[in-house]
């Protein structure tokens, strides 16, 4: 396992539509292990493969870790089955947008179908923070970012701060 370097906006890999996983081999297992370790090391609630530069349909989520009981969910090739008509607005951040937090409207509940690290199908229904984290990370697999859910003005302000951060780092 290894903590991988995060890709920061505007890295082009963050805008790529990811390809499905077809081999459930040691390479995938290593990727999932690295995603989990990287997510915990960078103090996130979720992490998608493109955020560490790998444009495949794999992600990890753990919204229970802050209560002291880690429960890592590994999600491969997820498909959205259903979302609730009820929505909720909540603050979201993203490891690819350091120190940026904005209010985003998302469905309250979500059901998805996915595969585990061995290629076995499973289904999950999440509510509240779990639904938000799953949808946020699934967006990454489509090349969509949380700022795409913001107004044009808010999105431009976040992008301006990110460019300033990038200039300061170089």
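The table below gives the values:
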| quantity | calculated |
| --- | --- |
| Qualifying position, being surrounded by 18 or more Cβ atoms within 10 Å (Cβ to Cβ), in contact with a strand residue (DSSP E or B) (Cβ under 6 Å, 6 or more places away or on another chain) and either within 29 Å of residue 159 (Cα to Cα) or in contact (Cβ under 8 Å) with a residue 40 or more places away in the chain (or both), among 94, 18 | 18 |
| Filtered residue count, region 2-15, keeping only those that are free of Cβ contacts under 8 Å to residues at least 60 places away in the same chain and surrounded by 13 or more Cβ atoms within 10 Å (Cβ to Cβ) | 3 |
| Pair list, Cβ < 7 Å and 6+ apart or interchain, from region 64-81 residues that are without any contact (Cβ under 8 Å) to a residue 40 or more places away in the chain to residues that are assigned to a loop (DSSP other than H, G, I, E, B) and surrounded by 13 or more Cβ atoms within 10 Å (Cβ to Cβ) | 70/62; 70/64; 71/62; 71/64; 72/62 |
| Matching residues, region 32-76, being touching a strand residue (DSSP E or B) at 6+ places or on another chain (Cβ under 7 Å), within 16 Å of residue 5 (Cβ to Cβ) and not in a helix (DSSP H, G or I) | 47, 48, 55 |
| Residue selected from region 33-48 under the condition free of Cβ contacts under 8 Å to residues at least 60 places away in the same chain and under 10 Å from the mean Cα position of the chain (by Cα), by the criterion nearest to residue 101 (Cα to Cα) | 44 |
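Computed from the coordinates by the stated procedures, all read-outs in this text should not be read as laboratory data. Every value quoted in this text rests on a predicted model; they were computed, and no experiment measured them. Positions of Cβ are backbone-derived with ideal geometry, glycine not excepted, and every protein chain shown enters the neighbour counts.
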